[in-house]
Amino acid sequence: MSDQPRIPVLTPMAVAVLGLLEERPMHPYEMHQLLLRRREDNLIKLRPSSLYHTVSRLAESGLIRQEGTERAGNRPERTTYSITEAGAAAVRARLAEVIRRPVREYPIFPLGLAESHNLPADEVVALLGERIDRLEEELVEFDAIRTWAADNGVPRRYWVAVDFLRDRTAHEADWLRGLIEEIRDGSLVWQSFDAADRQIPDPPHDLGRDWGAALTDETLAELRRSGAGSSAPGRP
């Protein structure tokens, strides 16, 4: 049996930590503050406890190593870490994997959208309007960051993810505006409710909720081969 430490799967936090240590040695507190200042909380869940746990796992796995400790005044000792050759190779391999291969990340909003027919149409329209308002607030912030970065000569490679997030947010807001319009004008036929806000069942002959079960793997494969997806109904 090998005595070599097992290299863990690199979580988003681990990628962020190794990315920082590619720049220079740091202690965990400095990493946390730097990630906050760089607004990387837009990209990862940034909690001090998770960061410290990640640093510990990376050290145990030989991807980073301790460089020394320091103490400032009455503060606790802080251990500085640097990246190892194995860590540099691991983060580059992980980045290549993330960039090349789409994965299903299962964000919660598509699930809410898939089940939104359980709410009356007017409530869905109102809730989507609130979401769009919040998305527009995010767009204002993304645009401000992009303007500042461009005006201050920051190479775009360092903030290209802001471009991606901004455009994805704008696309979502536009798509949701179109969805609201479809619900309002009746082109998207919504679930019916009675006066007590109880759902009225679909007609027995309609696929309704069981549409996914009715779409077999064989049928889907045939549709892919025939290119039927390009002619599907609905908005582009």
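The values are calculated or read from the model by the stated rules, or taken from the named source; none is laboratory data. Values in this document were obtained by computation on a predicted structure and should not be read as measured data. Note: ideal-geometry Cβ built from the backbone for every residue, glycine included; neighbour counts use all protein chains shown. The accessibility values were calculated without ligands, DNA or RNA, using every heavy atom of the protein model including side chains. Shrake-Rupley method; radii C 1.70, N 1.55, O 1.52, S 1.80 Å.
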Test: residue in the stretch 218-225 that is touching a helix residue (DSSP H, G or I) at 6+ places or on another chain (Cβ under 6 Å) and part of a helix (DSSP H, G or I): no
Flag if V162 is of a type in the set (V, I, T) and in a loop (DSSP other than H, G, I, E, B): no
Selection within the stretch 127-164 - of a type outside the set (K, R) and touching an Asp or Glu at 6+ places or on another chain (Cβ under 8 Å): L135
Selection from the stretch 48-66 of residues that are basic (K, R) and free of Cβ contacts under 8 Å to residues at least 40 places away in the same chain: R65
Residues of the stretch 180-210 satisfying the condition of being under 33 Å from the mean Cα position of the chain (by Cα), loosely packed, with under 12 Cβ neighbours inside 10 Å and at pLDDT 85 or above: D185, G186, S187, V189
Where a residue in the stretch 201-215 is in a helix (DSSP H, G or I) and its partner, wherever it lies, is open to solvent by less than 100 Å² (accessible area, probe 1.4 Å), with Cβ under 8 Å and at least six apart: G208/D202; R209/D202
Any hit, the stretch 97-107, residues being at pLDDT below 95 and surrounded by 10 or more Cβ atoms within 10 Å (Cβ to Cβ): yes
Boolean, R166 is in contact (Cβ under 8 Å) with a residue 12 or more places away in the chain and open to solvent by less than 80 Å² (accessible area, probe 1.4 Å): yes
Some residue of the stretch 107-123 being more than 30 Å from G62 (Cβ to Cβ), assigned to a helix (DSSP H, G or I), in contact with a Phe, Trp or Tyr (Cβ under 8 Å, 6 or more places away or on another chain) and not acidic (D, E): yes
Selected residue (criterion: most open to solvent (accessible area, probe 1.4 Å)) from residues of the stretch 112-136 that are of a type in the set (A, V, I, L, M, F, W, C) and closer than 16 Å to E181 by Cα: L127
W190 being out of contact with any Gly (no Cβ under 7 Å at 6 or more places or on another chain) and in a loop (DSSP other than H, G, I, E, B): yes
